[in-house]
DNA sequence: TCGAATTTCGAACGTACGTTCGATATACTA
DNA sequence: TAGTATATCGAACGTACGTTCGAAATTCGA
C-alpha cells in the first residue's frame, strides 16, 4: 500500500486565480522569487526587487500573493510536496535497502539539479514562515525525513528493521541530509562532475566508509 | 613546522577601544549579537533590537562598530580564527590519519558546543559580508577546509598522501562538513546525547560505513 | 458588441531601518 | 582636584520597506 496522498496546495490555500494563463504566470513568479531568495535570503529580497525583476508592478504581485510570507509558503509547500511525491515513488520500487538508499540519494540530487533555487529556499528558509504555514510545510518535510530514516534503518539492521528505527539510524539519516543539503554551499557542475557521480560517491562512502570512495573514481 | 600564524583581528581592523572594560563589553556585545543573528538571520536582526537586548542606546553601538556589517565581520573573523587555531593544533598532534580525523570531528563538535551561536553565524552568514571583509574571513575558512581535506586524503590513500589531494578526498571532506554543519538544524543535547557521542558515530560511519554505526551504540 | 470579471498599476500610507551629530556623563591620569 | 579622553545617549535624518486603494486596462463569454 502506498503512502497517503499529499494534500495539494489548493486544498490548504485556495489560489483564487481563474485563468489558465494566470496559473502559468504564478509558476514564473515563484521561479523568479526562488532565484532572488536563493541568492541573498528571504529577508534580503524585497517585493520591489522582485517586481522589477519580473517587469511588473509592485501592487500587481498582491494579486497572486496575500503577503510576502504567503509567497514563501506557496514556494516551499509546492516544492516540498513535489520532492516528497518523487521520493516516495522511488522508495516504493523493489530492491535491496542499499539500492533504495542509492536511488533516494540520486533522486534527491536530480531534484536538486532541476529545482536548485526552490530546494535551496526550502532547505534554509522554513524558519522564516509564521507558525501555521510553518507547521504545514514542516509536516511534509518530516514525512520525508521519516522515509529516509526508515530506509537507512533497513540498510543498517536488515530489511525487516524498517518498522523500528534506532537512534543510530535516525542520526545517520540526519548526517545524510547534512551531506545532501550542504551541496548548496559548494557544488559547481563545471568543477565537481554530475550529480549522479556525486550520488555514487555518497553511496560508496555510506556503504563502505571513506576508503570506499575510491570505488567512485 | 607548524602552520603560519593567523593574523589577529586588530592587525586587520584596529578596534580603537582603549579601556580593558571596553574589550570585555565588546565580547558581551558580540555574544548577544550572535544569539540574535543565530535565531533569525543577520538581515532580520536590527540594531534597535540588539541595543534593546543589551540595555544600551542605539547610538552607543556605534562606538564599538563602524557599521552593522562591521559587527558581522568582527564576529565571524574572531570565531573562524579561534576555530582554525584550535583545529590546526589538534591536527598537529601525533597519531594515525584515522585518529587525527576523529580528533578533528570531536574538536569541531566541542567548539560547536561552546560557541553554538557564533559558529552558526559563521556557517550561514559569510555571504552577508561585502567583498573585502568576505575575502578576509573566507581565507580563514578555506584554510580550515584544506586542513580537513588533507587529513581525509591521508585516511583514504595512506599517510604519505597528504600532499596530493584527489577529487574523492576533496569531495569527501565537503560531505563531512555537510554532516558537521547540518547539526545546527537538528541537534538537541537533551534528545541526541553528547557531542562526543555524535563525533564517535560520525567517525564510525566515515571509517566503516552505515553498518559501522552499530559500533557507536 | 457589450457587460462582467479578472488583472494591472500609480500613488500613497504608516512603519521602521541604519546611521550621524552634538551634548552629556563617566573614567582616568597627573 | 582638574583637565582630558573615552563612552554614552536623545533626537533626528534620509531612505526604503510591505501593503492598500481606487482607477484603468484587459480578457472572456454571451
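The values are calculated or read from the model by the stated rules, or taken from the named source; none is laboratory data. Nothing here was measured: the structure is a model prediction, and the numbers come from that model. Don't worry about glycine lacking a Cβ; one is built from the backbone with ideal geometry, like all the others, and counts go over all protein chains shown.
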Completion exercise
Subset of the range B:189-210, residues within 8 Å of another protein chain (Cβ to nearest Cβ), assigned to a helix (DSSP H, G or I) and surrounded by fewer than 22 Cβ atoms within 10 Å (Cβ to Cβ), comes to B:192, B:207, B:208
Exercise for the section: Check off (1) over 23 Å from residue A:120 (Cβ atoms); (2) within 13 Å of chain A (Cβ to nearest Cβ); (3) surrounded by fewer than 19 Cβ atoms within 10 Å (Cβ to Cβ) for residue B:130 and give me the number that stays unchecked. Expected result: (1)
Practice task
Please specify each residue of the range B:39-48 satisfying the condition of being near DNA strand C (Cβ under 8 Å from one of its atoms) and loosely packed, with under 15 Cβ neighbours inside 10 Å.
Solution key: B:46, B:48
Practice task
Pick out the one residue from B:123, B:213 that is closer than 18 Å to residue A:181 by Cβ and either facing another protein chain (nearest Cβ under 8 Å) or part of a helix (DSSP H, G or I) (or both).
Solution key: B:123
Handout entry: Single residue of the range B:164-188 satisfying the filter (part of a loop (DSSP other than H, G, I, E, B) and modelled with pLDDT of 95 or more) that is farthest from the other protein chains (Cβ to nearest Cβ)
Key = B:188
Fill in the blank from the handout: Checked A:36, A:61 against criteria (touching a residue at least 12 places away in the same chain (Cβ under 8 Å), over 21 Å from residue A:179 (Cα atoms) and within 11 Å of DNA strand C (Cβ to nearest atom)); the one match is A:61
Handout entry: Hits in the range A:133-143 (condition: buried (at least 19 other Cβ atoms within 10 Å of the Cβ) and under 20 Å from residue A:171 (Cα atoms))
Key = A:140
Problem - Of all residues making up the range A:81-105, the number that are crowded, with 18+ Cβ neighbours inside 10 Å, within 15 Å of residue A:173 (Cα to Cα) and in contact (Cβ under 8 Å) with a residue 60 or more places away in the chain - result: 6
Completion exercise
Picked from the range B:138-160 (must be more than 12 Å from chain A (Cβ to nearest Cβ) and within 11 Å of the chain's Cα centre (by Cα)), the residue nearest to residue A:213 (Cα to Cα) is B:144
